[in-house]
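The values are calculated or read from the model by the stated rules, or taken from the named source; none is laboratory data. All values derive from a computational prediction rather than experimental measurement. Virtual Cβ from ideal backbone geometry, glycine too; neighbours counted across all protein chains shown. Accessible surface areas use protein heavy atoms only, side chains included; no ligands, DNA or RNA. Shrake-Rupley method; radii C 1.70, N 1.55, O 1.52, S 1.80 Å.
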Amino acid sequence: MIFDSMVGEDSVKLKEKVIVVTGAGSGIGAALCRRFAAENPAAIVVSDQNEELATSVAEEIGGFAVECDVADESQIQRLVESTEKRFERVDLFCGNAGIGLMGGAEVSDEDWKRVMDVNFMSHVYSTRAVLPGMLARGEGYLLHTASAAGLLTQVGSAPYAVSKHAAVAFAEWLAITHGDQGIKVSCLCPLGVKTRMLESDHPVVQKLAETAILAEQVAEAVVEGIDRERFLILPHAEVAGFVEFKAKDPERWLEKMRDW
């Protein structure tokens, strides 16, 4: 196929699959595309609102670039329709695009909406577009990039924390509702990752950057998580402990977060 130059031990879950990745022009999305390319998929559709970046990654891996703003449902529908027209199906849809901004309740309605649209509603839009075909075939995989902030919180950013919580909740609902119909769901929840989102001098962002991992490490965790059909993919293993602590003693957890 188009990835013959890539060498790797094939993942059963990814070999000969048609994969779509949003927010794939850089960061985690680009790393996912490069890592998936080593698994001999049938095709990788590299989607980003920046067409130039998408094209660059697609040319690098032998994929196909599609410009798409995930906050616009009609653009996601076109992304899926064009993929299905060219490759007949979507086997794995990776809703990876995301944005963040600092602030709390005072953040403008316009900014709240933009963050919610990109970080949460984009998953609703993409699911609407791909789920009917997956259900008809009796199989399909959804990977939703959320964040450890969706399991814990994000100090300094209410919109990011709320939108990522919503993304996790929707992924859980999909796994429960459609898990017996051949639909697999994974929710990716990393802590800090060395991408453009951490290129800020804000103290909270700088603290996250201290323990940030590479996007390539996240991509490796994703391939392993998909192969094992894990719902929660946690590239930072310590997140599981944080979630357990939060559940056991929420008051103490809140106190600790205030001091973070």
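Numbers for the structure displayed
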item: The one condition in (1) open to solvent by 40 Å² or more (accessible area, probe 1.4 Å); (2) in a strand (DSSP E or B) that M116 fails to fulfil; result: (2)
item: For L14: the one exception among (1) touching a residue at least 60 places away in the same chain (Cβ under 8 Å); (2) more than 15 Å from the chain's Cα centre (by Cα); (3) surrounded by fewer than 23 Cβ atoms within 10 Å (Cβ to Cβ); result: (3)
item: Criterion violated by K113 - all others in (1) free of Cβ contacts under 8 Å to residues at least 40 places away in the same chain; (2) within 14 Å of the chain's Cα centre (by Cα); (3) within 19 Å of T22 (Cβ to Cβ) satisfied; result: (2)
item: Qualifying position, being in contact with a helix residue (DSSP H, G or I) (Cβ under 9 Å, 6 or more places away or on another chain) and at pLDDT 95 or above, among V168, V193; result: V168
item: Residue within the stretch 52-69 that is under 16 Å from the mean Cα position of the chain (by Cα), assigned to a loop (DSSP other than H, G, I, E, B) and of a type in the set (D, E, K, R) present; result: yes
item: Exclusive hit being touching a Cys at 6+ places or on another chain (Cβ under 7 Å), at pLDDT 95 or above and buried (at least 17 other Cβ atoms within 10 Å of the Cβ), set L92, L79; result: L79
item: Among residues of the stretch 117-170, those that are of a type in the set (A, V, I, L, M), more than 27 Å from T211 (Cβ to Cβ) and touching a residue at least 12 places away in the same chain (Cβ under 8 Å), counted; result: 8
item: Residue match in the stretch 230-247 (condition: over 27 Å from C94 (Cβ atoms), of a type in the set (D, E), open to solvent by 60 Å² or more (accessible area, probe 1.4 Å) and part of a helix (DSSP H, G or I)); result: yes
item: Matching option when the condition is part of a loop (DSSP other than H, G, I, E, B), open to solvent by less than 60 Å² (accessible area, probe 1.4 Å) and of a type in the set (S, T, N, Q), among S163, S186, S200; result: S200
item: Residues being open to solvent by less than 20 Å² (accessible area, probe 1.4 Å) and within 29 Å of D259 (Cβ to Cβ) - total across the stretch 205-220; result: 3
item: Enumeration of residues in the stretch 160-192 that are under 22 Å from R114 (Cα atoms) and either in contact with a Gly (Cβ under 7 Å, 6 or more places away or on another chain) or aromatic (F, W, Y) (or both); result: Y160, K164, H165, A167, V168, F170, C189
item: Selected residue (criterion: farthest from the chain's Cα centre (by Cα)) from residues of the stretch 134-154 that are part of a loop (DSSP other than H, G, I, E, B) and surrounded by fewer than 19 Cβ atoms within 10 Å (Cβ to Cβ); result: G138
